1. Give me the pairs, please: first residue somewhere in region 44-58 and in contact (Cβ under 8 Å) with a residue 40 or more places away in the chain, second residue anywhere and of a type in the set (Ser, Thr, Tyr) and open to solvent by 10 Å² or more (accessible area, probe 1.4 Å), beta-carbon distance under 8 Å, and either six or more positions apart or on two chains.
2. Identify, please: which residue in region 26-64 is in a strand (DSSP E or B) and among the basic types (Lys, Arg) and is, among those, nearest to Asp91 (Cα to Cα)?
3. Within the bounds of region 65-84, is there any residue that is assigned to a helix (DSSP H, G or I), open to solvent by less than 70 Å² (accessible area, probe 1.4 Å) and either out of contact with any strand residue (DSSP E or B) (no Cβ under 7 Å at 6 or more places or on another chain) or without any contact (Cβ under 8 Å) to a residue 12 or more places away in the chain (or both)?
4. Give the residue that is most open to solvent (accessible area, probe 1.4 Å), with candidates limited to residues of region 43-64 that are under 11 Å from the mean Cα position of the chain (by Cα) and farther than 16 Å from Ser103 by Cα.
5. Would region 100-123 turn up any residue that is of a type in the set (Phe, Trp, Tyr), surrounded by 14 or more Cβ atoms within 10 Å (Cβ to Cβ), under 19 Å from Ile71 (Cβ atoms) and at pLDDT 90 or above?
6. Somewhere in region 27-36, is a residue surrounded by 11 or more Cβ atoms within 10 Å (Cβ to Cβ), closer than 20 Å to Val112 by Cβ and at pLDDT 70 or above?
Amino acid sequence: RMIVGGFMMEVEEKRRFRRMDLESNLIIKRIDNGMEDYIKIGTHDLSKSGCGFISKADLEVDTVYESHITIWTKEVIHVLLKIVRKMEREDGFLYGAIFMGLSDADAFRIEVYDLMDRENHKEDEVF
């Protein structure tokens with residue numbers, strides 16, 4: 001059960017791209033009201049369409065935030081995130097967000113990592 005669009009609902013999986021766990025940092029600021037408080041959080045999973053993350057901050061669903069995601073290569077991807085899911089947990093909130101305005105080059109970087117990650121997991125399955 002998750003909060004979607006302000007309502008508690010049962011949500012079925014609708015992701016178009018495989019999600020990967022990745023240690024990275026995400027710093028976000030709300031852009032519709034000029035809020036400039038930066039919140040550092042950990043990315044739970046990442047795909048070229050969006051990401052999940054955990055935060056103690058109570059962010060609003062259907063709101064757009066500016067973000068700077070540090071990826072495995074230590075490069076920073078600048079993209080807008082729209083919060084589409086929110087689930088309360090003991091340690092804060094689990095969010096699902098879609099990317100808005102992700103460049104083709106940044107989407108390609110994520111896709112390359114996905115391919116490398118799949119190959120590494122194939123090797124793990126053999127042994």
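1. Matching pairs, first to second residue: Leu46/Ser24; Cys51/Thr43; Gly52/Thr43; Phe53/Thr43.
2. Lys40
3. no
4. The qualifying residue most open to solvent (accessible area, probe 1.4 Å) is His44.
5. So far as region 100-123 goes, no, none of its residues is of a type in the set (Phe, Trp, Tyr), surrounded by 14 or more Cβ atoms within 10 Å (Cβ to Cβ), under 19 Å from Ile71 (Cβ atoms) and at pLDDT 90 or above.
6. No: region 27-36 contains no residue that is surrounded by 11 or more Cβ atoms within 10 Å (Cβ to Cβ), closer than 20 Å to Val112 by Cβ and at pLDDT 70 or above.
The values are calculated or read from the model by the stated rules, or taken from the named source; none is laboratory data. All of these numbers come straight from a predicted model, not from anything done at the bench. Heads up, the Cβs are rebuilt from the backbone with ideal geometry, glycines too, and the neighbour counts pull from every protein chain shown. In case anyone asks, the SASA skips ligands and DNA or RNA and just uses the protein heavy atoms, side chains included. Shrake-Rupley method; radii C 1.70, N 1.55, O 1.52, S 1.80 Å.
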